[in-house]
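Data block below; observations after.
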Amino acid sequence: MISKNLIAILFLITLFSCGTTKNSTNTTDEYFNIKISQDGKIVKEKNGIVELSKKPFKIHVDLVKTDHVYVSSSWGKYYYDYPIEQNIFECNDKSFFKDCRFVAIKTGNEDKFNVNKDIYVGDGSYQNVWFYEEDTEWHRFDKDIKVENGITYATVTVENIYDMDKRDERKYPESEYNYPIEKINSDIYFVFATDHYEKGMEHPKELQRKKILLKFK
């Protein structure tokens with residue numbers, strides 16, 4: 001006959017194992033994954049910061065359980081400092097977008113297949129959506145995309161910066177708002193997020209968000 005003490009021990013072991021399994025599952029339960037590489041090597045992220053040289057780099061986007069990711073690349077922190085406990089897709093002012101971050105109608109019109117190998121950098125008025133759908137003939141990533149076991153592996157090569165703020169001021173020559181990465185002199189605050197929306201929902205549901213600060217040296 002099994003003693004009461006042994007039963008209690010077995011119960012605790014089972015409970016602990018279940019808890020461990022659940023936590024382990026949560027840590028890998030990602031909708032997308034972002035990595036940065038330069039000179040063919042992944043650059044290690046430290047406390048949300050990636051340090052790069054002032055030369056071309058690649059953004060690697062793995063779409064694991066989604067077909068799109070919203071992107072803000074900015075000189076400022078309008079998206080970057082948005083509270084993590086709040087839904088970054090919530091928008092209560094559809095007319096002027098006051099205090100709104102990721103809203104579909106604000107999406108910029110980037111090049112198909114990233115032919116200019118650039119990223120748009122601007123203030124809170126700008127955002128982009130990087131997506132891949134097999135039945136759509138174009139996308140915003142580099143042209144070569146790999147799909148394995150339901151996961152889309154895509155890259156965005158960055159050789160140039162397109163400064164939306166300077167362009168909008170209409171007082172700078174194109175060479176000052178459309179320039180090679182070697183001329184960059186500011187950090188870039190990146191925010192990536194994906195959502196889920198169904199008819200009848202007041203706001204899309206935020207599923208995952210990732211922030212990366214790119215520092216150039």
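The values are calculated or read from the model by the stated rules, or taken from the named source; none is laboratory data. The shown structure was predicted, so the numbers you read here are calculated from the model rather than taken from an experiment. A quick note on method: Cβ atoms are made from the backbone with ideal geometry, for glycine too, and the neighbour counts reach across all protein chains shown. Note: accessible area is taken over every heavy atom of the protein model, side chains too, but ligands, DNA and RNA are not part of it. Shrake-Rupley method; radii C 1.70, N 1.55, O 1.52, S 1.80 Å.
Residue-wise test of (1) more than 21 Å from M164 (Cα to Cα); (2) modelled with pLDDT of 95 or more; (3) of a type in the set (V, I, T); (4) touching a Gly at 6+ places or on another chain (Cβ under 6 Å).
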residue: D39; (1), (2), (3), (4): yes, yes, no, no
residue: K46; (1), (2), (3), (4): yes, yes, no, no
residue: T66; (1), (2), (3), (4): yes, yes, yes, no
residue: N114; (1), (2), (3), (4): no, yes, no, no
residue: V121; (1), (2), (3), (4): no, yes, yes, no
residue: W130; (1), (2), (3), (4): no, yes, no, no
Exercise for review: Name the one entry in D62, D93 that is at pLDDT below 95 and either within 30 Å of E148 (Cα to Cα) or of a type in the set (D, E) (or both).
Suggested key: D93
Review point. If you scan segment 187-203, which residues turn out to be in contact with a strand residue (DSSP E or B) (Cβ under 8 Å, 6 or more places away or on another chain) and open to solvent by 30 Å² or more (accessible area, probe 1.4 Å)?
Key: D187, Y189, H196, Y197
Point to revise | Residues (of a type outside the set (D, E, K, R) and either in contact with a Pro (Cβ under 7 Å, 6 or more places away or on another chain) or part of a loop (DSSP other than H, G, I, E, B) (or both)) located in segment 198-217 | key: G200, M201, H203, P204
Check your understanding: Any residue in segment 35-47 that is in contact (Cβ under 8 Å) with a residue 40 or more places away in the chain and more than 24 Å from L214 (Cα to Cα)?
Key -> no
Review point. From the set of residues in segment 33-80 that are among the hydroxyl-bearing types (S, T, Y) and part of a strand (DSSP E or B), which is nearest to E133 (Cα to Cα)?
Key: Y70
Practice item. Give me a count of the residues in segment 163-184 that are out of contact with any helix residue (DSSP H, G or I) (no Cβ under 7 Å at 6 or more places or on another chain), under 21 Å from K58 (Cβ atoms) and either open to solvent by less than 50 Å² (accessible area, probe 1.4 Å) or not acidic (D, E) (or both). Key: 6
